[in-house]
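Take a look at the structure below.
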């Protein structure tokens with residue numbers, strides 16, 4: 001079956017831009033994407049043959065499904081939530097919700113997801129495509145709820161991926177201009193863990209430090225040990241970061257406090273390095289015992305590392321080369337940020353790619369900053385790549401990836 005995807009995308013480009021600008025102007029925080037989910041729901045309902053569900057796992061989740069006959073089940077995921085940031089862009093469609101901004105490109109992800117659904121809906125009507133496509137519009141990628149969970153685990157627990165053979169997603173990449181794409185096999189974004197620790201001493205009068213034990217003094221060698229973990233205990237060939245982000249101690253100039261509180265983040269790619277960081281961090285805190293102090297240390301595991309399936313990536317690379325022969329494909333990981341799509345790629349084989357969206361003016365508009373913005377020329381490109389990749393699987397032009405055992409990245 002011959003389908004000119006680029007032509008179909010071109011006809012829809014103005015509408016994709018319009019959707020993105022509407023969503024950008026009306027950002028909503030994690031677990032509160034009520035207007036956004038309703039907008040998505042109504043757009044999906046307009047697509048003939050589309051089954052639409054709301055509230056799967058999370059109240060604001062929306063899932064659209066096209067299905068006919070036998071064939072593979074392919075899913076795409078688009079996140080919808082925004083960030084608590086005051087927008088400082090200069091374009092004509094800024095946030096209408098003061099203090100809330102789409103500063104991570106989820107407005108683009110959602111509009112691209114709607115565009116893919118629209119084009120495949122047309123093809124479903126025009127052809128006899130066999131198989132199933134699930135369009136998963138996910139709330140709450142950015143922040144957790146009171147139970148410490150983002151949106152992705154809730155959708156998985158509700159069965160959103162139970163019948164899925166593979167899943168794909170994209171992310172805006174402001175580090176690179178339009179015409180560039182990052183596709184990387186294996187671990188590509190980080191395990192995200194948070195540590196909270198306390199150092200205890202007896203405290204005392206500031207004029208008589210020799211009569212007690214001082215946790216602030218103990219903090220010095222602990223910090224030195226923490227900052228030496230990655231530099232001296234982790235191989236330079238492995239990705240790892242430990243950063244201390246908060247310190248609290250004392251309330252008066254002449255009182256040595258009884259405790260110091262500190263917290264920070266641990267980032268890594270592999271399970272081995274993740275465990276090594278935890279053990280080394282405990283060792284660093286234990287230094288205080290030699291100075292007569294005590295400590296408490298709690299480590300909370302957040303998102304697992306994003307693991308991109310090499311078989312899915314092979315199809316993505318072939319599609320990009322076919323649709324955009326001059327596009328630069330960069331085989332480098334995406335950094336040590338976190339991404340809750342990682343939960344989904346542990347459930348089923350899948351991959352996320354980073355799509356260049358920077359303007360060619362040299363100004364840095366990084367993710368999670370008040371001036372983040374995208375060159376909207378990337379919108380039809382992302383739409384075409386996702387649509388064509390899904391078609392390759394549905395038409396049997398690409399082999400489905402092998403499934404995992406027990407949610408691990410080990411194939412059957």
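The values are calculated or read from the model by the stated rules, or taken from the named source; none is laboratory data. Quick caveat: nothing in here was measured; it's all calculated off a predicted structure. Quick reminder, even Gly has a Cβ in these numbers, built from the backbone with ideal geometry, and neighbours come from all protein chains shown.
The rows are residues; the columns are (1) out of contact with any helix residue (DSSP H, G or I) (no Cβ under 9 Å at 6 or more places or on another chain); (2) at pLDDT below 95; (3) not in a helix (DSSP H, G or I).
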{"position": "326", "(1), (2), (3)": "yes, no, yes"}
{"position": "344", "(1), (2), (3)": "no, no, no"}
{"position": "356", "(1), (2), (3)": "no, no, yes"}
{"position": "362", "(1), (2), (3)": "yes, yes, yes"}
{"position": "366", "(1), (2), (3)": "yes, no, yes"}
{"position": "371", "(1), (2), (3)": "yes, no, yes"}
{"position": "385", "(1), (2), (3)": "no, no, no"}
{"position": "391", "(1), (2), (3)": "no, no, no"}
{"position": "398", "(1), (2), (3)": "no, no, yes"}
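Residues checked against (1) in contact with a helix residue (DSSP H, G or I) (Cβ under 7 Å, 6 or more places away or on another chain); (2) without any contact (Cβ under 8 Å) to a residue 24 or more places away in the chain; (3) closer than 15 Å to residue 40 by Cα:
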{"site": "89", "(1), (2), (3)": "no, no, no"}
{"site": "92", "(1), (2), (3)": "no, yes, no"}
{"site": "120", "(1), (2), (3)": "yes, no, no"}
{"site": "123", "(1), (2), (3)": "no, no, no"}
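I need the full set of residues from segment 232-270 which are within 21 Å of residue 305 (Cα to Cα), free of Cβ contacts under 8 Å to residues at least 40 places away in the same chain and not in a strand (DSSP E or B), in order please.
Matches in segment 232-270: 235, 236, 237, 238.
With the requirement that a residue be without any contact (Cβ under 8 Å) to a residue 60 or more places away in the chain and either part of a helix (DSSP H, G or I) or on the phi > 0 side of the Ramachandran plot (or both), what does segment 95-105 give you?
Selection gives 99 alone.
Do you know which residues across segment 37-69 are within 16 Å of residue 161 (Cβ to Cβ) and in contact (Cβ under 8 Å) with a residue 40 or more places away in the chain?
Of everything in segment 37-69, those that are within 16 Å of residue 161 (Cβ to Cβ) and in contact (Cβ under 8 Å) with a residue 40 or more places away in the chain turn out to be 56, 57, 58, 61, 62, 63, 64, 65, 67.
Out of curiosity, is residue 321 modelled with pLDDT of 95 or more and touching a strand residue (DSSP E or B) at 6+ places or on another chain (Cβ under 6 Å)?
Judged against the criteria, residue 321 is not a match.
Conditions first: (1) touching a residue at least 12 places away in the same chain (Cβ under 8 Å); (2) surrounded by fewer than 21 Cβ atoms within 10 Å (Cβ to Cβ); (3) out of contact with any strand residue (DSSP E or B) (no Cβ under 7 Å at 6 or more places or on another chain). Residue 301 passes all but one, so which condition is the exception?
(3)
Take residue 285 and tell me if it is outside the structural domain of residue 156 (by TED's automatic domain parsing) and either over 20 Å from residue 401 (Cβ atoms) or modelled with pLDDT of 95 or more (or both).
Yes, satisfied.
Would it be correct to say that residue 114 is surrounded by 24 or more Cβ atoms within 10 Å (Cβ to Cβ) and more than 18 Å from residue 55 (Cβ to Cβ)?
Yes; evaluated as a whole, the condition is true for this residue.
Would you please name the residue that is surrounded by the fewest Cβ atoms within 10 Å (Cβ to Cβ), looking only at residues in segment 133-161 that are more than 15 Å from residue 340 (Cβ to Cβ) and in contact with a helix residue (DSSP H, G or I) (Cβ under 9 Å, 6 or more places away or on another chain)?
The qualifying residue surrounded by the fewest Cβ atoms within 10 Å (Cβ to Cβ) is 135.
Here's the yes/no breakdown for (1) closer than 26 Å to residue 273 by Cβ; (2) assigned by TED's automatic domain parsing to the domain that holds residue 372; (3) not in a strand (DSSP E or B):
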residue	(1), (2), (3)
128	no, yes, yes
133	no, yes, no
143	yes, yes, yes
155	no, yes, yes
161	no, yes, yes
169	yes, yes, no
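Hey, any hits in segment 310-317 for a residue that's more than 24 Å from residue 74 (Cα to Cα) and in contact with a strand residue (DSSP E or B) (Cβ under 9 Å, 6 or more places away or on another chain)?
no
Please count how many residues of segment 199-228 are surrounded by 20 or more Cβ atoms within 10 Å (Cβ to Cβ) and within 30 Å of the chain's Cα centre (by Cα).
Matching residues across segment 199-228 total 1.
Residues checked against (1) in the same structural domain as residue 239 (by TED's automatic domain parsing); (2) within 20 Å of the chain's Cα centre (by Cα); (3) crowded, with 21+ Cβ neighbours inside 10 Å:
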site: 289; (1), (2), (3): yes, no, no
site: 292; (1), (2), (3): yes, no, no
site: 295; (1), (2), (3): yes, no, no
site: 316; (1), (2), (3): no, yes, yes
site: 321; (1), (2), (3): no, no, no
site: 331; (1), (2), (3): no, yes, no
site: 336; (1), (2), (3): no, yes, no
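Would you check which residues across segment 197-224 are in a strand (DSSP E or B) and either touching a residue at least 60 places away in the same chain (Cβ under 8 Å) or out of contact with any strand residue (DSSP E or B) (no Cβ under 8 Å at 6 or more places or on another chain) (or both) and list them?
The answer is 197, 198, 199, 200.
Of the residues 35, 2, only one is at pLDDT 95 or above and either under 24 Å from residue 96 (Cα atoms) or surrounded by fewer than 12 Cβ atoms within 10 Å (Cβ to Cβ) (or both); which?
That would be 35, the only listed residue that is at pLDDT 95 or above and either under 24 Å from residue 96 (Cα atoms) or surrounded by fewer than 12 Cβ atoms within 10 Å (Cβ to Cβ) (or both).
Could you pull out every one of the strands (runs of 3 or more DSSP E) wholly within segment 10-94 that has 3 or more residues that are under 18 Å from residue 380 (Cα atoms) and within 25 Å of the chain's Cα centre (by Cα)?
73-79
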